[in-house]
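Working notes for the structure below.
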Amino acid sequence: MRLATYRKGKAARLGIVWGDQVIDYNVGARLMSPKGKGAARAFADVDLRGFLSLGASAIRMAKKVEAWVGKQSAGKSRPSLKSWVFDLAKVKLLPPLNNPPKILCLARNYASHIREVSEVDPLPEDILVFMKPATAIIGPDDPVVIPPECRLLDHEVELALVVGKRGRNIPEEKAMGHLAGYTILNDISDREYRRMKNPPHHVNWFFMKAQDTFAPLGPFLVGKEEIQDPHTLRLRLWVNGELRQDSAREEMIFKVPAILSRISRFVTLEPGDIIGTGTPTGTSFGTQKYLKRGDVVECEIEGIGRLRNVIRVEEPLYRTR
Ligand code: MG
């Protein structure tokens, strides 16, 4: 199952991607819910984080809605679906989640990228993790916004895990049971902050990775059942149509169950948490082709989709919204 968050009119809606259409889950779940308003609201009035928090019963509800729409659209009553089933091309896709409890990212999980950013290249003995705040998230076609002085803007296409079930100290053999599915994260980075001059060689991770708009996310949440082996998916990234990153099926160093298990030794994983799993070679740091105003960056992961964003330069202004 594929889930999207989209805007139709003014409201953000949770949608079930259905071929080239999107079904309004919020409407569908209200229609399908058992009588009794409380129960209906619990299932219907949710965003993706709320949906994930409801667990397997919400997924059953979404399947029920999808099956019902399938049946209706095959029959003669198709016009009744017009107000809650839309062409995907006609809605504005939002980030699948804009309020994750946490965004965690692995810094080094592809050998080709480690060689690209590091003079010494021993393979890491443990995962190296940093965090981004939710304010960094933008959706498909939204701009990455940088100040005029930013000169070393970089891109990193990554497979992002989305947690579906709460857990602490998760054993590896139970880890996949805590995963809801996958999406794409572009781990935007300002390399200016990679090597501080004083003190030398310190990395200012937060300034480098956590800025507003530095976490393009989407286009959908793809359920884990749709992906056979997440470790060998082909990740690609283009800048203005030029292929810059291509994992060419290079495998991740740390695998998904190990990542979930290891992180949960330190923090509780919660429904809606997002975990970037690292990027392959071809970043601007390696090519020295840094992103600039107007560049179009497209990330693609096979089986998941394509995420497109543009680089915009803006003077930093005082704002309260
Ligand atoms: Mg990264």
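Set the Förster radius R0 to 25 Å, insert the Cβ-Cβ distance between Arg41 and Phe266 as r into 1/(1 + (r/R0)^6), and round the FRET efficiency to 0.05. Don't skip to the answer; put the middle values down first.
On the way: r = 35 Å, r/R0 = 1.41.
In this case the efficiency is close to 0.10.
Sparsely packed loop sites in region 162-222 (the trypsin sites (Lys or Arg not before Pro) outside DSSP H, G, I, E and B with at most 14 other Cβ atoms within 10 Å) comprise Arg168, Arg195, Lys197. Computed from the C-beta positions of Glu226 and Asn198, the FRET efficiency with R₀ = 51 Å rounds to 0.55. Restricting the calculation to Cα atoms, region 97-313 yields a radius of gyration followed by a Dmax of 16.2, 48 Å.
Please compute the contact order of region 167-242 in relative form: average sequence separation of alpha-carbon pairs under 8 Å and at least six residues apart, divided by the residue count, as a percent. 33 percent. A simple rule links phi to the HN-Hα coupling: the Karplus curve 6.51 cos²θ - 1.76 cosθ + 1.60 with θ = phi - 60°, which for region 289-305 gives 9, 7, 6, 9, 3, x, 4, 9, 10, 10, 10, 9, 10, 4, x, 10, x Hz, with x for Gly and Pro. Projecting label points 7 angstrom from Cα along Cα→Cβ for Glu149 and Asp126 puts them 3.5 nm apart.
Of the chymotrypsin sites (Phe, Trp or Tyr not before Pro) in region 6-112, not one is in a loop by DSSP (not H, G, I, E or B) with at most 16 other beta carbons within 10 Å.
Relative contact order of the chain, taken over Cα pairs closer than 8 Å and 6 or more residues apart, is 23 percent. Among Ala11, Ala134, Ala160, determine the one that fluctuates most according to a GNM of the chain built with springs between C-alpha atoms less than 10 Å apart. Result for the chain, Cα springs under 10 Å: Ala11 fluctuates most. Taking Glu66, Glu156, Glu300 as the candidate residues, the one with maximal mean-square fluctuation in a Gaussian network model of the chain, Cα springs under 10 Å, is Glu66. A DSSP coil position with no more than 11 other Cβ atoms inside 10 Å describes the following chymotrypsin sites (Phe, Trp or Tyr not before Pro) in region 252-321: Phe266, Tyr318.
Oblate is the label for region 2-93, because the ratio a/c of its alpha-carbon gyration tensor axes (a ≥ b ≥ c) is 1.5 or higher and a/b is not greater than b/c. A straight Cα-to-Cα reach below 21 Å connects Lys63 with the lysines Lys35, Lys37, Lys71, Lys82, Lys165, Lys224, residues fewer than 8 places away in its own chain not being considered.
Over region 10-119, what is the relative contact order in whole percent, taking alpha-carbon pairs under 8 Å and six or more residues apart?
Values: 88 pairs, mean separation 31.1, N = 110.
RCO, region 10-119: 28 percent.
FRET efficiency for the Arg321 to Ala74 pair, using the beta carbon distance and R₀ = 45 Å, is estimated at 0.50.
Look at where the Cα atoms of region 85-118 and of region 209-228 average out, and the two centres are 3 Å apart.
Counting 0.36 nm for each residue step from Met176 to Glu302 and taking away their Cα separation leaves a gain of 43.4 nm. Over the chain, DSSP H runs of length four or greater, each weighted -39,500 (n - 2.57), average out per residue to a 222 nm ellipticity of -5500 deg cm²/dmol.
With springs only between Cα atoms under 10 Å apart, run a GNM on the chain and tell me which of Pro230, Pro219, Pro96 wobbles the most. Of Pro230, Pro219, Pro96, the Gaussian network model singles out Pro230 as fluctuating most. All Cα-Cα distances of region 190-258, cut into 10 Å bins from zero to the largest, leave 15, 26, 40, 16, 2 percent in each bin in turn. Of interest is the spacing of the C-alpha centroids, which for region 1-53 and region 244-261 amounts to 32 Å. Taking θ as phi - 60° and the Karplus parameters 6.51, -1.76 and 1.60, the scalar couplings of region 215-225 work out to 9, x, 9, x, x, 10, 8, 9, x, 4, 5 Hz in sequence order, x denoting glycine and proline.
Every number here is computed from the coordinates shown, using simple stated rules; none is lab data. These figures come from a predicted structure and were not determined experimentally. Heads up, the Cβs are rebuilt from the backbone with ideal geometry, glycines too, and the neighbour counts pull from every protein chain shown.
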